[in-house]
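Provided herewith is a single structure, encoded as structure tokens, for subsequent inquiry.
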């Protein structure tokens with residue numbers, strides 16, 4: 001809250017700018033801070049630039065699964081040229097999820113997950129140590145919900 005109040009005025013912006021400049025000079029801190037800042041700005045933004053959903057995709061080869069984030073479904077030319085319904089996904093690398101791979105994957109090759117984008121990012125950044133809790137529909141004693149469409 002104090003940082004927000006300071007950052008809201010000209011004096012505060014200068015302090016925040018100097019603080020970021022200092023952090024950008026420290027090698028290990030620079031990569032972690034700038035990566036976390038970019039991810040936060042992308043994910044927390046309202047609009048079309050943020051990640052939308054978390055999926056599993058077989059990458060880098062069949063039988064190996066990676067977390068990925070849906071970035072776009074508006075791929076008119078690609079849909080036309082591939083003759084497949086594809087979804088654009090981003091497969092981040094760990095521990096810096098600002099680098100990774102953009103893949104155009106046929107919809108039927110993606111598995112939608114129930115975890116939120118925030119939970120998926122935490123799992124990536126923590127190198128898979130922080131895994132969101134999930135209770136299977138069978139263990140919860142209820143019917144499985146209808147699968148959500150990507």
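Does the range 99-112 contain at least one residue that is surrounded by 12 or more Cβ atoms within 10 Å (Cβ to Cβ), at pLDDT 85 or above and part of a helix (DSSP H, G or I)?
yes
Applying the selection to the range 77-92, what residues are surrounded by 12 or more Cβ atoms within 10 Å (Cβ to Cβ) and over 14 Å from residue 51 (Cβ atoms)?
Hits for the range 77-92 are 78, 79, 82, 84, 85, 86.
Separate question: What are the residues in the range 33-49 that are in contact with a helix residue (DSSP H, G or I) (Cβ under 7 Å, 6 or more places away or on another chain) and at pLDDT below 70, if any?
Matches in the range 33-49: 39, 43, 49.
The values are calculated or read from the model by the stated rules, or taken from the named source; none is laboratory data. None of these values were measured; they are calculated from a predicted model. FYI the Cβ positions are ideal-geometry reconstructions off the backbone, even for glycines, and counts take in every protein chain you see.
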